[in-house]
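Working notes, beginning with the structure itself.
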C-alpha cells in the first residue's frame, strides 16, 4: 500500500514517515510504500485552492487503494473546525482516493512532550525526563520546551526524525491528535486499534 504525505514543516518531511511507519508496525503492517512527502507552507496548506492542488498532485501518484495523509499544526486556528473543513475540501477534490487530514492543536512536538520519559537521554535530553505539568497540546511552544531541556538548541531538521523513531506511542496517545492519527491510520490499514500501542 502506498502513502502520500503532505506536511508543513521542514523536519516533518523526515519525521512524519517515521511516525507513520512506527504506528503501522505496531499494527503489524510492514508492507507500506511511503512516498517522499510534499512540503507545503502552513499558510498555503490552509487555503482551499492550494490544498486541492496538492491533493490532485499526490492523487495522481496513487491507486484507489492507496492513501493521502495531510498533517499540519493548527497554530491559532481551532482544530475542530480546520480539520473537518480541510478534509471536506480534500475529499471533494478526489473522492476516489482515501484521504485523512490530521490537525495538531499546537505543534507536532506535543507528541514528544506526552512521551517525554521515553526520550530521556536521547539527543542530549536529560535522564530522567518528565513531561511538562501542563497538557502537551496546550503548550504553545513545544519546540521551545524541548530546547530548554537540551544543552544545545533543538533543531527540527536534525532532531525531529530521530526522536520520532523512539518516542513511546502509547504515552503519546494522551494527545487527542495522536490518538486520532493512530485511529485513522488503523482504519486506512484495515486494522483494529489495540488498547496498547507498542
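Share of pairwise Cα-Cα distances greater than 30 Å in the chain is 17 percent (whole percent). Inter-part distance, the range 58-87 to the range 136-198, computed on C-alpha centroids, equals 18 Å.
Footprinting exposure proxy ranking of 58, 86, 150, fewest other C-beta atoms within 10 angstrom first, gives 150, 86, 58. In percent, what relative contact order does the chain have, based on Cα pairs under 8 Å that are 6 or more apart in sequence? For the chain, the relative contact order is 25 percent. Take the Cα of residue 117, step 7 Å toward its Cβ, do the same at residue 41, and the gap between the two points is 4.2 nm. Ranking of 30, 112 by neighbouring Cβ atoms within 10 Å, starting from the fewest: 30, 112.
Values in this text are rule-based calculations from the coordinates and carry no lab data. These numbers were taken from a predicted model, which means no experiment stands behind them. Neighbour counts run over all protein chains shown; Cβ positions are idealised from the backbone, glycine included.
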